[in-house]
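Note sheet for the following structure.
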Amino acid sequence: MPLLAPSVFVSMVYGAVSAKTKSVRWPLLFGFALWTCGLIGQATMQPAQRSTALGTLTLVGFGLSGPLLLILAGTHLSIPPHLMATGSAAVVCMRAFGATIFTAVYAAVVSGRLKELIPKYIAEAVLALELPTTSLGSFVGALTAHDEAALAHIPGVTPQIIGAGVAALQQAFTDAIRVVFIIAACFGAVACILCCCLESLREFMDYVVDAPVEAIQQREKMEVAV
């Protein structure tokens, strides 16, 4: 909700600013900059920083509203009228294609990191509290499965050890997911640089309709008459 809810209202602001300034480049750059800053904030989060995490996620939503709207608008202003449908379809398809590819990449990265970090972090936390090494495998399995009954029957387990294990598990998830935001922030920084390379579209931002319905109907009538 903090990510998507702002898009409903903030996208209107981006559209109004772009129309007022007759520019796509700078509002788009501002949106990508906010998006990247929010991702950087998410990449620095720790398990206990819930309010800060919600705040940076809201910042990501404020930034995302601009590219969602202005990329399509810039495409429409940059291509010949007869390619309007093709250009729109290309933007939408590439957006879906990118989301599909990066979802798979992120899932693979997070899964690999969790397999590495969960045993490592939990072992470091609970062995320091003198959990028997023979109970470590069962403890990790029961903790990751959220099996409280099994945890209670593991030799050497105490409430302090369970608390330390839960904290280590949360830290492992945090550090694993952190990589996703680092990768996304890098692409956001590249997008900011590319925005600066966009040409001005001021001369095309007018209220002239390239193919008004009235003109098309009039032409069709003349063709029928001939």
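The values are calculated or read from the model by the stated rules, or taken from the named source; none is laboratory data. No experiment lies behind these values; they were computed from the predicted model shown. Cβ placement follows ideal geometry from the backbone for every residue including glycine, while neighbour counts extend to all protein chains displayed.
Residues being of a type in the set (A, V, I, L, M), touching a residue at least 24 places away in the same chain (Cβ under 8 Å) and surrounded by 15 or more Cβ atoms within 10 Å (Cβ to Cβ): count how many of those fall in segment 14-39.
6
What residue, among those in segment 125-152 that are part of a loop (DSSP other than H, G, I, E, B) and within 36 Å of the chain's Cα centre (by Cα), is farthest from L169 (Cα to Cα)?
Only one residue fits best here, namely D147.
Return the residue satisfying two criteria in turn: it lies in segment 106-124 and is surrounded by 12 or more Cβ atoms within 10 Å (Cβ to Cβ) and under 17 Å from the mean Cα position of the chain (by Cα), and of such residues it is nearest to I162 (Cα to Cα).
V110
If the requirement is being closer than 26 Å to L59 by Cβ and either surrounded by 14 or more Cβ atoms within 10 Å (Cβ to Cβ) or of a type in the set (F, W, Y) (or both), which of these qualifies: A167, A176?
After applying the criteria, what remains is A176.
Looking at T36, T75, which one is polar (S, T, N, Q) and in contact with a Cys (Cβ under 7 Å, 6 or more places away or on another chain)?
That would be T36, the only listed residue that is polar (S, T, N, Q) and in contact with a Cys (Cβ under 7 Å, 6 or more places away or on another chain).
Identify the single condition in (1) assigned to a loop (DSSP other than H, G, I, E, B); (2) buried (at least 18 other Cβ atoms within 10 Å of the Cβ); (3) among the polar types (S, T, N, Q) that Q46 does not satisfy, given that it satisfies every other one.
(2)
What do you reckon, is L151 at pLDDT below 95 and closer than 16 Å to A123 by Cβ?
yes
So which residues in segment 1-32 are within 14 Å of C195 (Cβ to Cβ) and in a helix (DSSP H, G or I), if there are any at all?
Y14, S18, R25, W26, P27, L28, L29, F30, G31, F32
Which is part of a helix (DSSP H, G or I), more than 22 Å from L194 (Cα to Cα) and at pLDDT 90 or above, of T58, T52, T36? Don't jump to the end; show me each part of the working.
Details: T52 fails: at pLDDT 90 or above; T36 fails: more than 22 Å from L194 (Cα to Cα).
Going through T58, T52, T36 in turn, just one is part of a helix (DSSP H, G or I), more than 22 Å from L194 (Cα to Cα) and at pLDDT 90 or above: T58.
If only one of L68, L72, L83 is farther than 30 Å from A145 by Cβ, in a helix (DSSP H, G or I), aliphatic (A, V, I, L, M) and in contact (Cβ under 8 Å) with a residue 40 or more places away in the chain, which one is it?
Details: L72 fails: in contact (Cβ under 8 Å) with a residue 40 or more places away in the chain; L83 fails: in contact (Cβ under 8 Å) with a residue 40 or more places away in the chain.
After ruling out the rest, the residue left standing is L68.
Please find, within segment 193-207, the residue that is modelled with the highest pLDDT out of those that are surrounded by 13 or more Cβ atoms within 10 Å (Cβ to Cβ) and in a helix (DSSP H, G or I).
Step one: list which residues in segment 193-207 are surrounded by 13 or more Cβ atoms within 10 Å (Cβ to Cβ), which gives 195, 198, 201-202, 204-205.
In the following step, the residues that additionally are in a helix (DSSP H, G or I) were identified as 195, 202, 204.
Details: C195: 91, R202: 84, F204: 80.
Filtering segment 193-207 for residues that are surrounded by 13 or more Cβ atoms within 10 Å (Cβ to Cβ) and in a helix (DSSP H, G or I), the one modelled with the highest pLDDT comes out as C195.
Looking at A90 and the list (1) surrounded by fewer than 16 Cβ atoms within 10 Å (Cβ to Cβ); (2) assigned to a helix (DSSP H, G or I); (3) touching a residue at least 60 places away in the same chain (Cβ under 8 Å), which single condition is not satisfied?
For A90, the exception is condition (3).
Please verify whether T36 is of a type in the set (S, T, Y) and closer than 23 Å to A99 by Cβ, treating the condition exactly as stated.
Against the criterion (of a type in the set (S, T, Y) and closer than 23 Å to A99 by Cβ), T36 qualifies.
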